[in-house]
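What follows is a single structure, written as structure tokens, with notes after it.
The values are calculated or read from the model by the stated rules, or taken from the named source; none is laboratory data. Note that the coordinates shown come from a computational prediction; the quantities given were computed from them, not determined experimentally. Glycine gets a Cβ as well: all are built from the backbone with ideal geometry, and neighbour counts include every protein chain shown. Surface areas here come from the heavy atoms of the whole protein model, side chains and all, with no ligands, DNA or RNA. Shrake-Rupley method; radii C 1.70, N 1.55, O 1.52, S 1.80 Å.
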Amino acid sequence: MLGCKCFNWSRITISAPTESDNSLPAPLPQCPQGEGFASGRINLGEIEVSKISKFEFIWSSNLPQNSGKGVSFYKPVGIPDGFSSLGHYCQFNNHPLRGSVLVAREVASEPEAAHVSSPVNSLALCKPLDFTLVWSSDEGSEGNYEGCSFFWLPQPPEGYRCLGFLVTNTPQKPELDEVRCIRTDLTDKCEPYRLILDTSSRLSSFPFRVWSTRPCHRGMLSRGVSVGTFFCSSYGITIEELNISCLKNLNPRLHAMPNLEQIHALIKHYGPTVFFHPDEVYLPSSVSWFFEKGALLYKTGDVIGEAIDPIGSNLPGGGTNDGEFWIDLPSDNWRKGVKCGNLDSAKLYVHVKPALGGTFTDIAMWVFCPFNGPATLKVGIMSVSLSKIGQHVGDWEHFTLRICNFTGELWSIYFSQHSGGEWVDAYDLEYIEGNKAIVYSSKSGHASFPHPGTYIQGSDKLGIGIRNDAFRSKFYLDSSTHYELVAAEYLGDGVVTEPCWLQFMREWGPKIVYDSRTELDKIIKRLPVMFRYSVENIFNKIPVELYGEAGPTGPKEKNNWVGDERG
């Protein structure tokens, strides 16, 4: 389908090939040798993939309806001999050129993966039969196509799938040899992720949208591999109708994951420094310190709690959070002091796991605080301290480093923020030393943020919600030295010994229900009339855990222990 001529497309001449930026302030770490980590290529079973970050510019758009963000499209260049392109790449112009796409070649299937191979003598890669024009920015005039673009979908043979689109600046179809399709059993379902380009407007008769993509199934047990290509469509589409796929890692060895020695080298090189607020009262501690200072284990029906030994060996392990057991602060004079934590003993508890089919490594770092303080409400220029809402015993928070297994490069960090969170690319992080990023922990609630400031959980537009204040101070924790590796299941049994307390699946604090509505109503009545309705609506959207004092479950009971991060 061809578009109309009503758009203001940027007319940029094709440039020489450009290299995607490293975006880190220091060189990449020199990891100890072993297996296939940071070797540049990854074996997925019947195919081997390599990451290409060198591109040649094709076309760029600057559309007012695209929030003022220009978008450029690129083709990979410098592809190694024997490898083939799977599709083109695109990104916003206001971001550093740091992306990548995978290229693939067929290899002999490893013995462990032989049982999953499908049809005998069927090639893993093949050329498309043809290309279908999906959309064009302009119909051209008398053969002048300067500044135009044409988006092509490869048409695979039966039993194969295409993994990306191609873009040209002339109406001539790409050569069949420019891209390869992959046998269906070697692919997995993908989904549109972030909207990159949107030409929809009242002036447009031919709406067109472009998204980045990611595997539908993600997490440490999933095998979907992101290719780095984009999805585009001139009409609405569902996942079931998506006409491209991602790759699937059918190699059970996950040989590109770091070994134990490499894990420690990565943490030493990339481990962030966590800064707590200057006025933070409820600092972290180690789990063993918390137990040694008198934390108690309670069981339903018990009036008196049982002391927990320093390693948590008397905690009930396994099962689910059935409400039968919980942990509480000591009942003696230590109670108030334990609430404040002990920064000298604190450490990050590290879980290392495969991501995106073993092409990335996630290093999840968990911090424990004995107590989570009450929240503060922001209404315009006013701030109101809440006496109880938000507080609970036992607080587990985390952030996650995502490392590229092709190069060993820090790719992004996930910042967990209460009921959600966000991925932030490495180029947009703050660094304190070398490639060690800074993580800001918010006052009282300990949510993680990439930059200092006041973040509102509610409505930024109205300036109404729960405050999350995050700033640098003398209170900090260096995860590159103060950490304990507690789990890395992919390394096999016995390589990393999980601590006893990690198997405790119940709540790390008692559940206390109080009349939070009364406190909220008192606050609302104190506000100017113009704010009352908006504040009440914000309160109705705040996560329910803020309305009752209940300790969270431990790291292993969280969805993101096995699954992917939210966001």
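Values for this structure:
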quantity	calculated
So GLY341, is it free of Cβ contacts under 8 Å to residues at least 60 places away in the same chain, of a type in the set (Gly, Ala, Ser) and at positive phi	yes
All positions within region 164-200 that are touching a Cys at 6+ places or on another chain (Cβ under 7 Å) and under 17 Å from LEU123 (Cβ atoms)	ARG180, CYS181, THR187
Set ASP302, ASP332, ASP279, ASP309: member being farther than 20 Å from ILE512 by Cβ, open to solvent by 50 Å² or more (accessible area, probe 1.4 Å) and assigned to a loop (DSSP other than H, G, I, E, B)	ASP279
Any hit, region 57-76, residues being open to solvent by 40 Å² or more (accessible area, probe 1.4 Å), in contact with a Gly (Cβ under 8 Å, 6 or more places away or on another chain) and modelled with pLDDT under 95	yes
Hits in region 364-412 - residues which are small (Gly, Ala, Ser) and over 18 Å from SER448 (Cβ atoms)	GLY380, SER383, SER385, SER387, GLY408
Criterion: within 20 Å of the chain's Cα centre (by Cα), modelled with pLDDT under 95 and surrounded by fewer than 17 Cβ atoms within 10 Å (Cβ to Cβ) - qualifying residue of LEU221, LEU195, LEU203	LEU195
Matching option when the condition is closer than 20 Å to TRP501 by Cβ and modelled with pLDDT of 95 or more, among VAL352, VAL281	VAL352
Test for HIS451: is it surrounded by fewer than 18 Cβ atoms within 10 Å (Cβ to Cβ), in contact with a strand residue (DSSP E or B) (Cβ under 8 Å, 6 or more places away or on another chain) and not basic (Lys, Arg)	yes
Looking only at region 142-173, and only at residues there that are of a type in the set (S, T, N, Q) and outside any loop (DSSP other than H, G, I, E, B), the one that is least open to solvent (accessible area, probe 1.4 Å)	THR168
Flag for TYR270 being modelled with pLDDT of 95 or more, aromatic (Phe, Trp, Tyr) and open to solvent by 20 Å² or more (accessible area, probe 1.4 Å)	no
Criterion: closer than 30 Å to THR132 by Cα and surrounded by fewer than 20 Cβ atoms within 10 Å (Cβ to Cβ) - qualifying residue of ASN243, ASN259, ASN249	ASN243
Residues located in region 294-315, provided they are modelled with pLDDT under 95 and among the aliphatic types (A, V, I, L, M)	VAL303, ILE304
From the options ASP469, ASP478, ASP493, residue that is more than 19 Å from PRO552 (Cα to Cα) and free of Cβ contacts under 8 Å to residues at least 60 places away in the same chain	ASP493
Positions within region 468-483 being open to solvent by less than 60 Å² (accessible area, probe 1.4 Å) and part of a strand (DSSP E or B), in sequence order	ASN468, ASP469, ALA470, LEU477, ASP478, TYR483
Qualifying residue in region 459-467 (condition: over 15 Å from ILE432 (Cβ atoms), touching a strand residue (DSSP E or B) at 6+ places or on another chain (Cβ under 8 Å), of a type outside the set (S, T, N, Q) and surrounded by fewer than 20 Cβ atoms within 10 Å (Cβ to Cβ))	yes
Counted residues, region 309-328 - those being free of Cβ contacts under 8 Å to residues at least 24 places away in the same chain and of a type outside the set (Asp, Glu)	2
Residues of region 98-109 satisfying the condition of being touching a strand residue (DSSP E or B) at 6+ places or on another chain (Cβ under 6 Å), open to solvent by 20 Å² or more (accessible area, probe 1.4 Å) and either of a type in the set (A, V, I, L, M) or within 16 Å of ILE244 (Cβ to Cβ) (or both)	VAL107
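Results for (1) modelled with pLDDT under 70; (2) basic (Lys, Arg); (3) open to solvent by less than 20 Å² (accessible area, probe 1.4 Å), shown as yes or no for each residue.
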site	(1), (2), (3)
GLU519	yes, no, no
LYS525	no, yes, no
TYR533	no, no, no
ASN537	no, no, no
GLU545	yes, no, no
GLY548	yes, no, yes
GLY554	no, no, yes
ASN559	no, no, no
